[in-house]
Amino acid sequence: MLLFLVLIFWGGGHATSLSTIILGTAGSPVFSMEGDFVLGGVFSIHFNMDKTALFGNIFYVCIYLCVHICSIDARELRFSRAMIFAIEEINNSTELLPGIRLGYQIHDSCGVVPVAMHKAFQLSNGGDSIFYTDNNCSQSGMMAAVVAESGSTPSISMSRIIGSFNIPQVSHYATCACLSDKQQYPNFFRTIPSDAFQAVALAKLVKHFGWTWIGAVCSDSDYGNNGMASFLQAAQKEGICVEFSESFYRTNPYSKIQRVADVIRRATAKVIVAFTASGEMKVLLEELARKPSPSRQWIGSESWITDPNMMKFDFCEGGIGFGIPKSVIPGLRDFLLDLSPSEVAASPLLTEFWENAFKCRLRKDVGAEERVCDGSEDMTKLQSPYTETSQLRVTNMVYKAVYAIAHAIHSVVCPEKNSTTKCDKHLMLESKQVLDALKKVNFTKNGYPVSFDTNGDPVAVYELVNWQKGESGNIELVTVGYYDASLPINKEFHINGNLTWMDGRKQVPVSVCTDSCPPGTHKVLQKGKPSCCYDCIPCPEGEISNTSDSSDCFPCPIEFWPNPEKDSCHPKPVEFLSIDETLAIILAVVSVGGACLAILTAAVFFHHRTTPIVRANNSELSFLLLFSLTLCFLCSLTFIGAPTEWSCMLRHSAFGITFVLCISCVLGKTIVVLMAFKATLPGSNVIKWFGPLQQRLTVVFFTFVQVLICMVWLVLRPPFPMKNFSTYKEKIILECALGSAIGFWAVLGYIGLLAVFCFVLAVLARKLPDNFNEAKLITFSMLIFCAVWLSFIPAYVSSPGKFTVAVEIFAILASSFGLIMCIFAPKCFIILCQPEKNTKNYLMNKK
């Protein structure tokens with residue numbers, strides 16, 4: 001009883017008995033016409049049902065509340081009238097279904113699933129609201145086909161019902177990809193593309209503009225949930241991250257709508273992808289309009305982005321999305337505007353539309369404050385989505401759906417292709433025949449092709465549309481590109497116009513979780529966050545990244561090194577002891593100076609060769625020693641400059657042979673000292689065993705051994721020039737590889753062996769009497785020589801790059817100067833500065 005009183009209260013002037021509601025108004029079609037074959041139609045003409053209407057569970061109460069409380073969607077009304085226009089156009093055609101008159105029964109589902117299901121049962125029963133219990137299902141038989149519905153969820157429910165009777169259903173606006181499943185919906189066709197294509201197109205659109213951090217909202221319905229699931233899958237493949245994904249329905253509690261709006265306000269993502277129906281989007285945008293929020297770049301699905309009702313929300317300026325291509329239907333506008341007062345008065349729906357549009361009442365029993373329509377109302381001046389035909393999109397889908405059904409019926413009742421007169425209007429048309437014929441439909445109307453694939457879907461073609469402010473200040477829909485799924489991969493998407501972005505900006509907004517990583521850095525994911533949130537870390541040593549947002553760095557080739565910015569590889573500088581360097585110049589000058597000193601010493605000795613001090617110190621070995629020292633000084637020059645194959649072999653072999661020659665001479669002089677002392681002992685003739693010939697042979701023998709070692713080394717595994725990449729990562733060291741380390745250390749070891757042997761003999765002879773004894777000088781020289789080369793080994797091993805060569809040169813020069821200074825400097829001093837001591841008596845120490 002309480003429910004009945006509520007109905008009476010809400011119905012107002014429309015108070016009616018409950019039985020009349022249930023069996024009368026609620027079940028009647030809003031438009032109908034008899035014909036030879038009848039087409040059904042279901043549209044969501046009323047919408048935005050008050051949430052309180054859902055308090056009851058009684059089905060017919062919902063129907064009543066829908067009819068009397070909901071608002072008219074003028075756009076959906078246009079769709080229904082477009083269906084009537086197409087049927088009348090076909091009835092007047094002499095080529096399509098000649099002699100046959102199509103009828104129609106168009107119902108209003110209010111966008112509510114229970115109502116849509118009720119209409120589906122009615123249409124399955126031939127459109128009658130009365131069910132019979134006898135053998136006949138209904139009075140008039142079944143529908144040929146149904147054009148329905150605008151929403152995916154109602155379409156799913158209707159398809160399950162009328163599909164049981166094999167009645168084909170052609171939708172103009174249900175885009176859920178789930179409806180392509182022919183196992184579940186074998187009777188379903190549509191003239192609008194599946195959301196599977198739109199989801200991919202939206203992901204490519206977001207990727208095209210470099211947006212990797214977005215928010216997402218969708219209708220909590222089959223359309224929204226399935227569409228968003230497809231979009232999120234496509235977005236993941238494109239590397240796009242989603243900050244949040246919210247779903248809602250227009251009849252949800254206000255707190256739920258408010259929460260979704262707050263999530264959008266707090267979001268860091270500037271781009272919001274809305275896969276929603278118009279009803280949900282209207283509710284959300286109204287909530288966002290209550291409290292200003294930061295600017296957002298809206299990306300819309302075709303359901304709302306082309307809806308004129310949405311364009312009053314000017315804070316969505318710059319929104320972009322995909323819409324059904326614009327079309328032209330000749331004569332439709334005149335048909336829509338041609339509403340006579342009598343025609344309007346005969347239709348409760350048109351009456352309601354007229355009164356709402358012109359704010360007047362056609363009935364005379366109105367209140368004092370309500371204006372009576374006086375006939376001055378002009379449809380041509382009415383600003384309404386009903387009269388808006390400049391951008392027909394979904395309306396053309398309705399138009400094509402009607403023609404597709406008509407062509408299918410034509411192929412059944414007019415079997416002769418070349419005849420236009422032999423159509424059997426008395427044929428007992430079965431819906432199964434129309435269903436089979438629809439699968440083969442393929443025609444073009446007004447330049448628009450119509451056909452269905454095996455899933456009942458058309459070829460997916462979209463326009464890219466942009467919300468731009470016109471000169472009047474109102475939002476206008478501008479086509480700026482297109483998407484054609486039939487084109488080759490990566491060529492489906494094209495932009496051919498200038499876009500306006502949020503707040504009317506001309507620059508593409510940026511929406512990323514982290515700013516782009518510049519070249520020279522790579523991305524490191526932040527723990528616990530999506531893959532689009534990362535830190536930009538400089539590339540490790542020796543690696544570069546030459547693109548932005550590089551996921552990893554890669555090493556330079558071995559002969560290259562990164563520049564300071566680490567975004568490109570440059571050839572490594574080549575390092576060797578070049579003659580142009582200060583260090584090399586100093587070493588070369590010292591080397592040449594040492595050679596000159598040896599030559600000058602030799603000249604002094606040669607000039608004073610008859611003096612006692614020269615003759616007493618084995619002048620022949622002294623000259624040979626000075627010659628070898630000259631070579632030692634000069635061989636250090638072979639270590640300066642870029643290594644070559646010949647210079648590498650020469651520097652090591654020359655160094656080894658000249659030093660052995662030098663040490664051999666010193667060793668010879670030491671042996672001579674010892675032999676000379678032994679010869680002065682009574683009865684000793686040892687001097688005859690080490691005369692000048694033996695001294696020469698000793699030098700030759702010791703030197704020949706070194707020559708033999710060097711020859712074996714050079715023949716088997718000689719030194720060779722190489723590029724050293726390991727000592728320094730950032731530069732190349734040109735150096736001489738040893739070839740055989742055994743050969744190198746054999747050469748050094750042999751020199752060291754002779755030096756130690758010479759040092760031991762010199763130590764033994766250092767205290768021998770007489771002033772002609774130079775064993776002390778040799779001892780000091782060998783001590784310096786050994787000290788230099790003992791310290792050379794660790795310095796040589798640890799010195800990096802060109803300094804290895806410098807250490808080797810220093811050792812050569814130091815040991816050479818040690819020999820010449822210790823052995824010859826005291827004698828030259830006496831010869832040049834103290835000639836009085838250069839006498840035989842002084843040297844013999846006789847008084």
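The values are calculated or read from the model by the stated rules, or taken from the named source; none is laboratory data. All values derive from a computational prediction rather than experimental measurement. Quick reminder, even Gly has a Cβ in these numbers, built from the backbone with ideal geometry, and neighbours come from all protein chains shown.
Numbers at a glance
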| read-out | value |
| --- | --- |
| Qualifying residue in the stretch 306-317 (condition: closer than 30 Å to THR444 by Cβ and either outside the structural domain of GLY481 (by TED's automatic domain parsing) or in a loop (DSSP other than H, G, I, E, B) (or both)) | yes |
| Meets criteria (surrounded by 15 or more Cβ atoms within 10 Å (Cβ to Cβ) and acidic (Asp, Glu)) for GLU377 | yes |
| Count of the stretch 439-465 residues which are more than 15 Å from SER180 (Cα to Cα) and under 36 Å from the mean Cα position of the chain (by Cα) | 5 |
| Residue identified as modelled with pLDDT under 90, in contact with a His (Cβ under 7 Å, 6 or more places away or on another chain) and not basic (Lys, Arg) among SER551, SER545 | SER551 |
| Count of the stretch 710-739 residues which are outside any loop (DSSP other than H, G, I, E, B), touching a Ser or Thr at 6+ places or on another chain (Cβ under 9 Å) and buried (at least 19 other Cβ atoms within 10 Å of the Cβ) | 5 |
| Filter result for the condition that a residue is touching an Asp or Glu at 6+ places or on another chain (Cβ under 6 Å), part of a helix (DSSP H, G or I) and not charged (D, E, K, R), over ILE257, ILE264 | ILE257 |
| Residue match in the stretch 343-361 (condition: surrounded by 17 or more Cβ atoms within 10 Å (Cβ to Cβ) and either modelled with pLDDT under 85 or under 48 Å from the mean Cα position of the chain (by Cα) (or both)) | no |
| All positions within the stretch 68-100 that are small (Gly, Ala, Ser), under 20 Å from VAL328 (Cβ atoms) and assigned to a loop (DSSP other than H, G, I, E, B) | SER93 |
| Which numbered condition CYS316 misses (of (1) within 20 Å of LEU202 (Cβ to Cβ); (2) surrounded by fewer than 17 Cβ atoms within 10 Å (Cβ to Cβ); (3) of a type in the set (A, V, I, L, M, F, W, C)) | (2) |
| Residue ranges of strands (runs of 3 or more DSSP E) in the stretch 476-569 with at least 3 members farther than 30 Å from ILE305 by Cα and over 14 Å from the mean Cα position of the chain (by Cα) | 534-538, 560-562 |
| Single residue of the stretch 230-249 satisfying the filter (in contact with a Ser or Thr (Cβ under 8 Å, 6 or more places away or on another chain), of a type outside the set (A, V, I, L, M) and not in a strand (DSSP E or B)) that is nearest to GLU287 (Cα to Cα) | TYR249 |
| Condition broken by LYS182, with the remaining ones in (1) basic (Lys, Arg); (2) under 41 Å from the mean Cα position of the chain (by Cα); (3) assigned to a helix (DSSP H, G or I) satisfied | (3) |
| Which listed residue is touching a Lys or Arg at 6+ places or on another chain (Cβ under 6 Å) and assigned to a loop (DSSP other than H, G, I, E, B), from LEU577, LEU621 | LEU577 |
| From LYS270, LYS312, LYS282, residue being over 17 Å from CYS241 (Cα atoms) and either among the aliphatic types (A, V, I, L, M) or out of contact with any helix residue (DSSP H, G or I) (no Cβ under 7 Å at 6 or more places or on another chain) (or both) | LYS312 |
| Counted residues, the stretch 101-121 - those being touching a strand residue (DSSP E or B) at 6+ places or on another chain (Cβ under 7 Å) and at pLDDT 90 or above | 10 |
| Residue in the stretch 126-141 that is modelled with pLDDT of 90 or more and surrounded by 24 or more Cβ atoms within 10 Å (Cβ to Cβ) present | no |
| Long-range neighbours under 6 Å by Cβ, at least six apart or interchain, first residue modelled with pLDDT under 95 within the stretch 438-456, second of a type in the set (Val, Ile, Thr) | PHE443/VAL450 |
| Yes/no for SER295 being in a helix (DSSP H, G or I) and of a type in the set (S, T, N, Q) | no |
| Enumeration of residues in the stretch 204-229 that are part of a helix (DSSP H, G or I) and either more than 30 Å from MET158 (Cβ to Cβ) or in contact with an Asp or Glu (Cβ under 6 Å, 6 or more places away or on another chain) (or both) | LYS204, LEU205, VAL206, LYS207, HIS208, GLY227 |
| Qualifying residue in the stretch 801-814 (condition: at pLDDT below 75, assigned by TED's automatic domain parsing to the domain that holds THR630 and either farther than 30 Å from GLU730 by Cα or crowded, with 16+ Cβ neighbours inside 10 Å (or both)) | yes |
| Residues of the stretch 374-412 classified as part of a loop (DSSP other than H, G, I, E, B) and free of Cβ contacts under 8 Å to residues at least 24 places away in the same chain, total | 6 |
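Let's see how each residue does on (1) over 45 Å from the mean Cα position of the chain (by Cα); (2) over 19 Å from PRO330 (Cα atoms):
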| residue | (1), (2) |
| --- | --- |
| ASP378 | yes, yes |
| LYS381 | yes, yes |
| THR387 | yes, no |
| GLN391 | no, no |
| THR395 | no, no |
| VAL398 | no, no |
| TYR403 | yes, no |
